[in-house]
């Protein structure tokens with residue numbers, strides 16, 4: 001019977017994953033996505049790429065820690 005395992009990742013690793021997804025799916029970096037999201041530019045735009053990136057967004061900012 002297989003178990004579930006997980007690994008904690010650092011805040012930087014979280015932002016690296018988020019940034020990579022944003023670049024790959026939306027052709028913008030993670031900081032740009034976060035800024036646009038915070039300004040409400042994606043309201044009503046529930047395209048899969050936007051939602052996939054949004055769900056990966058870590059809290060805080062990449063330069064905060």
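Applying the condition of being under 14 Å from residue 59 (Cβ atoms) and touching a residue at least 12 places away in the same chain (Cβ under 8 Å) to segment 32-49 and asking which residue is surrounded by the fewest Cβ atoms within 10 Å (Cβ to Cβ) yields 37. In segment 7-31, how many residues are surrounded by 13 or more Cβ atoms within 10 Å (Cβ to Cβ) and free of Cβ contacts under 8 Å to residues at least 24 places away in the same chain? Residues flagged as surrounded by 13 or more Cβ atoms within 10 Å (Cβ to Cβ) and free of Cβ contacts under 8 Å to residues at least 24 places away in the same chain within segment 7-31 amount to 5.
We did not get these values from a lab; they are worked out from the coordinates using the rules stated. This structure is a prediction, so every number in the text was calculated from the model and none was measured. Neighbour counts are summed over all protein chains in view; Cβ atoms, including those assigned to glycine, are modelled from backbone coordinates with ideal geometry.
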